[in-house]
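Student: Here it is, the structure, as structure tokens.
The values are calculated or read from the model by the stated rules, or taken from the named source; none is laboratory data. Values in this document were obtained by computation on a predicted structure and should not be read as measured data. Backbone-built Cβ (ideal geometry, glycine too); neighbour counts: all protein chains shown. Just the protein is used for accessible areas: all its heavy atoms, side chains included, with ligands, DNA and RNA removed. Shrake-Rupley method; radii C 1.70, N 1.55, O 1.52, S 1.80 Å.
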Amino acid sequence: MAAAQSAQEAERQRRVADEHARLASVAGQMARNFAASADSEHRLARTLIELEPLGYSLLAERRWPGSARNTIDIILVGPGGVVIVEAKAWRDVTVAAGHAFRGQDDVTGELAQLADLVLRAQTGLAEIGLAAGEITAMAVVPDGHVPRTELFGVTVLGEAAAVTDIARRGIRLNAEQIARVRTELDRLFPPLTTGPIDVVPEESIETPVRGIPLGIDLDSLTTQQIQDALLEGIRKAPIEEWMSFLDPAQARLVRRGFAGPSLIHGAAGTGKTVVALHRAAHLARTMEGRVLVTTFVRTLPRVLAALMLRLAPDVADRIDFRSVHSFARDVLVQRGRPVIIDVVAADRVFKDLWERDGKSGPLGAIDPAPAYWQEEIAYVLKGRGLSSFEQYAELPRLGRRRPMNFEQRVEMWRLYVAYEEAIAARDILDWEDVVLEAEASLAAIPLLGYAAVVVDEAQDLSCAMVRMLHSVVGDEPDGLNLVGDGQQTIYPGGYTLAEAGVSITGRSVVLNRNYRNTIQIAHFAAGLIEGEQVVDIESGALVDDSAKVGRRGPRPVYTVFRSRYTHDSSLVERVQQIIEESDGTTGYGDIGVLALYPWHAREAADALEAAGIPVIQLEKYDGTPTNAVKFGTIKRAKGLEFKEVLVVRTPPHLVQPEAGPDEDDAALERRSLQRRELYVAMTRARDGLWVGVA
């Protein structure tokens with residue numbers, strides 16, 4: 001009995017001794033980890049301080065918002081934005097299946113906390129207008145122990161990679177913006193101590209980089225690496241100021257959550273496309289699944305994609321930029337539906353039918369030209385996806401000035417059916433058919449993979465297009481994001497979102513400040529469409545999206561020329577004058593030459609080229625900065641802006657205040673659409689506007 005008790009006591013003492021040894025080992029490891037962490041933090045600070053000559057400030061030992069104990073190692077603020085940096089003395093780091101591991105230990109929570117800090121910083125700095133994409137986070141580990149990877153938007157990388165990544169960001173914030181951001185960071189993340197924090201480089205050498213002496217820690221970074229990073233950052237085209245800093249109201253709107261489909265609308269120049277891009281990036285960062293950014297103009301997605309690569313390279317690969325038509329076509333192709341689109345053949349079919357059966361009938365008495373009736377099919381019948389005459393017979397044709405009685409609608413429906421049968425017999429589709437077939441396909445088999453859809457220039461879409469895109473995400477929170485301006489509607493026809501089955505009750509936001517135009521440009525353009533009636537897609541009421549304008553500038557130049565020769569000569573002189581008087585602040589790439597018709601734009605470009613001025617067609621422009629005057633149709637310029645805009649070969653009847661004596665309702669409708677098109681062209685101008693009438 002005594003022997004058994006003695007054995008039990010010995011076993012107990014052994015377990016106690018083992019536990020003491022284990023605790024001592026843990027304490028020792030914690031001490032080593034703490035020492036290693038402190039050493040990593042100081043070494044990293046010595047490395048990152050090399051960025052100070054580039055305009056960066058290093059804010060060390062900052063408190064977490066609302067915490068007295070938790071601290072942030074380093075916050076960098078400078079030309080490349082804000083970077084929250086945590087030094088991690090981690091070895092054998094791996095990221096797999098949404099988790100981060102240090103050896104066998106799961107350290108996912110630490111990266112999640114860092115991601116939460118980024119969100120807090122984004123929310124706080126939105127109050128001064130800093131775009132969310134300018135705030136990032138890094139978990140920096142000793143070099144050679146981790147491949148560059150990312151989790152929750154936090155980049156895990158080595159010391160050398162960290163400093164070179166920051167250096168090659170280029171210039172995204174100017175000195176005034178950096179000062180504003182630093183002041184706000186001091187408020188959001190107060191210092192842990194009140195005294196200055198000194199970071200003294202150890203065992204460093206003085207090496208001039210582009211004339212700047214830098215102390216380089218040889219264990220973490222080489223002189224050549226910092227040189228290469230600096231040079232790459234300098235060569236990078238500076239990001240446009242509007243990409244980095246927004247109005248605080250815009251910055252908050254970018255991050256706002258909506259319980260279902262939403263609409264952001266406002267007059268020209270209020271920053272709708274800017275907000276749409278930033279919102280797409282925000283949704284890509286915060287939602288699982290891809291984000292689709294789409295618009296009616298087929299050339300604009302290419303430009304927006306290039307801008308997104310510069311705005312938010314961290315999520316650009318999760319955002320698809322497509323025109324509505326190309327998206328619809330690809331849906332059908334990927335589902336095995338042969339798609340043969342022949343717009344020229346379809347146009348010929350309709351015009352043959354019109355000459356044979358339509359021109360001499362009731363419709364020809366309204367308008368003998370086939371274009372008006374092709375628009376009726378594209379924007380009213382197919383645009384709404386009408387499937388029976390009964391639907392058409394009682395339809396309010398919003399946006400169409402010319403009323404149609406029952407007999408005329410019967411004739412229109414007959415012509416429409418004949419056209420559909422004729423192109424079906426030739427096994428071809430027009431673009432409206434592609435949209436309708438894609439809508440039907442998506443209704444039958446939902447498309448997986450997209451978490452959100454952002455629609456820029458939503459006012460240009462047909463009812464069927466909105467229904468098709470709505471079906472991709474349904475009424476999910478933040479799923480469908482519509483951005484547009486009724487005053488910039490340049491296509492006939494109209495509808496309300498209720499007709500498309502989309503409810504945005506309580507989720508409509510108006511932007512009411514014009515950031516682009518000067519007062520002179522805004523007033524000149526508004527005078528062109530004064531009294532024009534445009535139906536709002538939200539309510540069906542008349543649009544009144546006025547906006548405040550704060551900047552002043554020169555009066556627009558408006559001239560009526562007696563000949564095309566004098567018009568083109570004046571155009572060339574104007575472009576040369578802009579360059580000469582700008583003192584290097586304006587280049588050819590800041591100028592847009594826009595026209596209603598493609599041949600007018602081409603003739604203007606020929607005149608510029610003959611004078612030795614470089615030009616690039618808008619259809620070939622992909623968003624990459626170029627030192628060439630951009631030219632093209634007004635439709636191709638939607639969503640873009642230029643320092644200087646020259647509107648060429650403007651038809652005289654569009655700028656006359658009164659209608660001609662022979663203009664009927666159909667002619668007035670065409671004139672109204674073209675005037676709004678000119679309004680779009682004029683409001684692309686930021687600083688200067690020239691309008692030539694020939």
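Student: Please indicate, with yes or no, whether at least one residue in the range 541-552 is more than 23 Å from Glu619 (Cβ to Cβ), at pLDDT 90 or above and open to solvent by less than 30 Å² (accessible area, probe 1.4 Å). Give the derivation first.
Tutor: We begin by selecting, within the range 541-552, every residue more than 23 Å from Glu619 (Cβ to Cβ); these are 541-552.
Subset that is at pLDDT 90 or above: 552.
If we keep only those that are open to solvent by less than 30 Å² (accessible area, probe 1.4 Å) as well, we get none.
Within the range 541-552, none of the residues are more than 23 Å from Glu619 (Cβ to Cβ), at pLDDT 90 or above and open to solvent by less than 30 Å² (accessible area, probe 1.4 Å).
Student: Moving on to the next point. Go over the candidates Leu461, Leu480, Leu469 one by one and state the one that is crowded, with 19+ Cβ neighbours inside 10 Å, in contact with a His (Cβ under 8 Å, 6 or more places away or on another chain) and within 22 Å of His265 (Cβ to Cβ).
Tutor: Numbers: Leu461 fails: in contact with a His (Cβ under 8 Å, 6 or more places away or on another chain); Leu469 fails: in contact with a His (Cβ under 8 Å, 6 or more places away or on another chain).
Criteria check complete, one pass: Leu480.
Student: Quick check: is even one residue across the range 428-443 out of contact with any Phe, Trp or Tyr (no Cβ under 7 Å at 6 or more places or on another chain), without any contact (Cβ under 8 Å) to a residue 40 or more places away in the chain, part of a helix (DSSP H, G or I) and surrounded by fewer than 18 Cβ atoms within 10 Å (Cβ to Cβ)?
Tutor: Going residue by residue through the range 428-443, those that are out of contact with any Phe, Trp or Tyr (no Cβ under 7 Å at 6 or more places or on another chain) are 428-443.
Filter once more, keeping what is without any contact (Cβ under 8 Å) to a residue 40 or more places away in the chain: 440, 443.
Checking the rest, the ones that are also part of a helix (DSSP H, G or I) come to 440, 443.
Narrowing the set further to residues that are surrounded by fewer than 18 Cβ atoms within 10 Å (Cβ to Cβ) leaves 440, 443.
Within the range 428-443 (the criterion being out of contact with any Phe, Trp or Tyr (no Cβ under 7 Å at 6 or more places or on another chain), without any contact (Cβ under 8 Å) to a residue 40 or more places away in the chain, part of a helix (DSSP H, G or I) and surrounded by fewer than 18 Cβ atoms within 10 Å (Cβ to Cβ)), the answer is yes, since at least one residue qualifies.
Student: For the range 287-301, which residues satisfy the criterion of being modelled with pLDDT of 90 or more and either crowded, with 18+ Cβ neighbours inside 10 Å or touching a helix residue (DSSP H, G or I) at 6+ places or on another chain (Cβ under 9 Å) (or both)?
Tutor: Selection gives Gly289, Arg290, Val291, Leu292, Val293, Thr294, Thr295, Phe296, Pro301.
Student: How about the range 388-421: which of its residues are modelled with pLDDT under 85 and aliphatic (A, V, I, L, M)?
Tutor: Passing the criteria: only Leu398.
Student: Which of the strands (runs of 3 or more DSSP E) found entirely inside the range 82-195 contain at least 3 residues meeting this: open to solvent by 10 Å² or more (accessible area, probe 1.4 Å) and not charged (D, E, K, R)?
Tutor: The qualifying strands (runs of 3 or more DSSP E) are 93-96.
Student: When you scan the range 444-458, how many residues do you find that are farther than 30 Å from Leu673 by Cα and either open to solvent by less than 20 Å² (accessible area, probe 1.4 Å) or not hydroxyl-bearing (Ser, Thr, Tyr) (or both)?
Tutor: Of the range 444-458, the ones farther than 30 Å from Leu673 by Cα are 444-452.
Among the residues that remain, those that are also either open to solvent by less than 20 Å² (accessible area, probe 1.4 Å) or not hydroxyl-bearing (Ser, Thr, Tyr) (or both) are: 444-449, 451-452.
So the count comes out to 8.
Student: Right, next: Evaluate the range 651-660: report whether one residue or more is modelled with pLDDT of 95 or more and either of a type in the set (Lys, Arg) or in contact with a helix residue (DSSP H, G or I) (Cβ under 8 Å, 6 or more places away or on another chain) (or both).
Tutor: No - not one qualifying residue is present in the range 651-660.
Student: Follow-up. Exactly one of these conditions fails for Ala280: (1) open to solvent by 10 Å² or more (accessible area, probe 1.4 Å); (2) modelled with pLDDT of 90 or more. Give me its number.
Tutor: Among (1) open to solvent by 10 Å² or more (accessible area, probe 1.4 Å); (2) modelled with pLDDT of 90 or more, Ala280 violates only (1).
Student: Of all residues in the range 556-575, which are touching a Leu at 6+ places or on another chain (Cβ under 8 Å) and either surrounded by fewer than 16 Cβ atoms within 10 Å (Cβ to Cβ) or assigned to a strand (DSSP E or B) (or both)?
Tutor: Restricting attention to the range 556-575, the residues satisfying the condition of being touching a Leu at 6+ places or on another chain (Cβ under 8 Å) are 556-557, 571-572, 574-575.
Across the range 556-575, the qualifying residue is only Val557.
Student: Kindly list, by first and then second residue, each pair from a residue in the range 275-301 that is under 20 Å from Ser326 (Cα atoms) and in contact (Cβ under 8 Å) with a residue 60 or more places away in the chain to a residue that is open to solvent by less than 10 Å² (accessible area, probe 1.4 Å) and of a type in the set (Gly, Ala, Ser), limited to pairs with Cβ atoms under 6 Å and residues at least 6 apart or on different chains.
Tutor: Short answer, once both residue conditions are applied: Val291/Ala280; Val291/Ala284; Val291/Ala452; Val293/Ala280.
Student: For the range 629-646, how many residues are in a loop (DSSP other than H, G, I, E, B) and open to solvent by 10 Å² or more (accessible area, probe 1.4 Å)?
Tutor: 3
Student: Then there is this: Could you say whether any residue in the range 614-629 is under 20 Å from Arg564 (Cα atoms) and free of Cβ contacts under 8 Å to residues at least 12 places away in the same chain?
Tutor: Checking the range 614-629: not a single residue is under 20 Å from Arg564 (Cα atoms) and free of Cβ contacts under 8 Å to residues at least 12 places away in the same chain.
Student: Same structure again: Take the residues in the range 331-354 that are assigned to a loop (DSSP other than H, G, I, E, B) and surrounded by 15 or more Cβ atoms within 10 Å (Cβ to Cβ); name whichever of them is modelled with the lowest pLDDT. Quick ask: steps written out before the conclusion?
Tutor: The initial filter retains those residues of the range 331-354 that are assigned to a loop (DSSP other than H, G, I, E, B), namely 335-340, 342.
Okay, now just the ones that are also surrounded by 15 or more Cβ atoms within 10 Å (Cβ to Cβ), so 339, 342.
Numbers: Val339: 88, Asp342: 91.
Ranking the candidates gives Val339 first.
Student: To continue, here is another question. Looking at the range 493-512, is at least one residue crowded, with 24+ Cβ neighbours inside 10 Å and in a strand (DSSP E or B)?
Tutor: Yes, that holds for at least one residue.
Student: So which residues in the range 318-330 are open to solvent by 60 Å² or more (accessible area, probe 1.4 Å) and either of a type in the set (A, V, I, L, M) or within 18 Å of Ala424 (Cα to Cα) (or both)?
Tutor: We begin by selecting, within the range 318-330, every residue open to solvent by 60 Å² or more (accessible area, probe 1.4 Å); these are 318, 322, 329.
The one that is open to solvent by 60 Å² or more (accessible area, probe 1.4 Å) and either of a type in the set (A, V, I, L, M) or within 18 Å of Ala424 (Cα to Cα) (or both): Arg329.
Student: I'd like to check something: does the range 673-691 contain any residue that is more than 20 Å from Tyr558 (Cβ to Cβ) and modelled with pLDDT under 90? Spell out how you get there, then give the answer.
Tutor: As a first pass, look at the range 673-691 and keep what is more than 20 Å from Tyr558 (Cβ to Cβ): 673.
So of that shortlist, the ones also modelled with pLDDT under 90 come out as 673.
The answer is yes, given that some residue of the range 673-691 is more than 20 Å from Tyr558 (Cβ to Cβ) and modelled with pLDDT under 90.
Student: Shifting gears a bit: What are the residues in the range 254-285 that are in contact with a His (Cβ under 9 Å, 6 or more places away or on another chain) and not charged (D, E, K, R), if any?
Tutor: Of the range 254-285, the ones in contact with a His (Cβ under 9 Å, 6 or more places away or on another chain) are 254-255, 261, 272.
Selection gives Val254, Pro261.
Student: Could I ask something else about it? Suppose we keep only residues that are at pLDDT 90 or above and either under 23 Å from Asp460 (Cα atoms) or not small (Gly, Ala, Ser) (or both) within the range 256-271. Which one would you say is surrounded by the fewest Cβ atoms within 10 Å (Cβ to Cβ)?
Tutor: Step one: filter the range 256-271 for residues at pLDDT 90 or above, giving 256-264.
Checking which are either under 23 Å from Asp460 (Cα atoms) or not small (Gly, Ala, Ser) (or both) leaves us with 256, 258, 260-264.
Details: Arg256: 15, Phe258: 19, Gly260: 18, Pro261: 28, Ser262: 23, Leu263: 22, Ile264: 28.
Within the range 256-271, the match that is surrounded by the fewest Cβ atoms within 10 Å (Cβ to Cβ) is Arg256.
Student: Does Ser244 satisfy the criteria of being touching a Leu at 6+ places or on another chain (Cβ under 6 Å) and modelled with pLDDT under 85? Walk me through how you get there before you give the answer.
Tutor: Values: touching a Leu at 6+ places or on another chain (Cβ under 6 Å): yes; modelled with pLDDT under 85: yes.
Criteria met by Ser244.
Student: Ok, one more. Would you check which residues across the range 376-401 are assigned to a helix (DSSP H, G or I), acidic (Asp, Glu) and surrounded by fewer than 19 Cβ atoms within 10 Å (Cβ to Cβ) and list them?
Tutor: The first filter runs over the range 376-401 and keeps only residues assigned to a helix (DSSP H, G or I), leaving 376-384, 389-393.
Checking which are acidic (Asp, Glu) leaves us with 376, 390.
Correct list: Glu390 only.
Student: If you go through the range 402-413 one residue at a time, how many are surrounded by 16 or more Cβ atoms within 10 Å (Cβ to Cβ) and not polar (S, T, N, Q)? Before you say what the answer is, go through the steps one by one.
Tutor: At the first step, the residues of the range 402-413 found to be surrounded by 16 or more Cβ atoms within 10 Å (Cβ to Cβ) are 402, 404, 408-409, 411-413.
Imposing the further condition that a residue be not polar (S, T, N, Q) reduces the set to 402, 404, 409, 411-413.
So the answer is 6.
Student: Can you give me the number of residues within the range 458-484 that are part of a loop (DSSP other than H, G, I, E, B), more than 18 Å from Val254 (Cβ to Cβ) and in contact (Cβ under 8 Å) with a residue 40 or more places away in the chain?
Tutor: Initially, the range 458-484 is screened for residues part of a loop (DSSP other than H, G, I, E, B), giving 461-462, 474-479.
From the residues that got through so far, the ones that are more than 18 Å from Val254 (Cβ to Cβ) too are 461-462, 474-476.
If we keep only those that are in contact (Cβ under 8 Å) with a residue 40 or more places away in the chain as well, we get 461-462, 475-476.
Matching residues across the range 458-484 total 4.
Student: Among the residues of the range 64-81, how many are part of a loop (DSSP other than H, G, I, E, B) and modelled with pLDDT of 85 or more?
Tutor: Filtering the range 64-81 down to residues part of a loop (DSSP other than H, G, I, E, B) leaves 64-70, 79-80.
Then keep just the ones that are modelled with pLDDT of 85 or more; that gives 79-80.
Adding up the residues that qualify gives 2.
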